[in-house]
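Quick notes on the structure that follows.
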Amino acid sequence: MADSLEDFQEFRAELHEEIVNCGHLGIKRSFTLDHQAYDAGALDTKTKELLGLVASTVLRRDDGITYHHVRAGESLGRDGALNVALVVGGSITVPHIRRAFARMREVPGLQPDVK
C-alpha cells in the first residue's frame, strides 16, 4: 500500500466533494443512495459497515476495504467479517486481506481482534 491512511482520506474527501458538486443528477442520486444504505434500520450502521467490508474484500476493492474499516471503527467482528470474505471470495482475496490487516495498523485503536 503506497498511500498512508491520511493521504487516502484527504484524496477521497477532496474528490468526493468535487464529484457530488459536479451537477449531474444521476451521480448525486447514486451517492445519496449509497450514503443512505448505511443508515441504521433493521441492521445497525456498524453491522452494515462490516457487510461493506466483506463485499469490498470479495470484490477486491482496496479503497472500499479501507473506507469500511475506518467506518466500522473499533467494532468487534472485523476479523470475523474478513474470514467470511475469505470463505466467500476464496484465496484470491488473500492479498486484500493482507492489505486490510496492514491498514488496521494505521487506524488508532484498530487492531486485529483475533484471539
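Quick grid of which residues meet (1) in contact with a Leu (Cβ under 7 Å, 6 or more places away or on another chain); (2) at pLDDT below 90:
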position	(1), (2)
52	no, no
86	no, no
93	yes, no
105	no, yes
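How about region 1-90: which helices (runs of 4 or more DSSP H) wholly inside it have at least 1 residues that are surrounded by 15 or more Cβ atoms within 10 Å (Cβ to Cβ)?
Helices (runs of 4 or more DSSP H) meeting the threshold: 5-20, 45-58, 62-72, 78-89.
So which residues in region 60-83 are aliphatic (A, V, I, L, M) and more than 19 Å from residue 35 (Cβ to Cβ)?
Initially, region 60-83 is screened for residues aliphatic (A, V, I, L, M), giving 65, 70, 72, 76, 81-82.
Listed by number, the residues that qualify are 76, 81, 82.
Report every pair of residues separated by at least 6 positions or lying on different chains whose Cβ atoms are under 6 Å apart, first residue within region 67-78 and modelled with pLDDT of 85 or more, second crowded, with 16+ Cβ neighbours inside 10 Å and among the hydrophobic types (A, V, I, L, M, F, W, C).
The qualifying pairs are 68/53.
Search region 24-37 for residues that are farther than 18 Å from residue 48 by Cα and at pLDDT 90 or above and pair each with any residue that is part of a helix (DSSP H, G or I) and not polar (S, T, N, Q) when their beta-carbon atoms are under 9 Å apart and the residues are at least 6 apart or on different chains.
From region 24-37, the pairs are 27/19; 27/20; 28/19; 28/20.
Is it the case that region 55-63 has a residue that's polar (S, T, N, Q) and within 17 Å of the chain's Cα centre (by Cα)?
Yes: region 55-63 contains one or more residues that are polar (S, T, N, Q) and within 17 Å of the chain's Cα centre (by Cα).
The values are calculated or read from the model by the stated rules, or taken from the named source; none is laboratory data. Since the structure is predicted, the reported quantities are computational estimates derived from the model, not experimental observations. All Cβ positions, glycine included, derive from the backbone under ideal geometry; neighbour counts span all protein chains shown.
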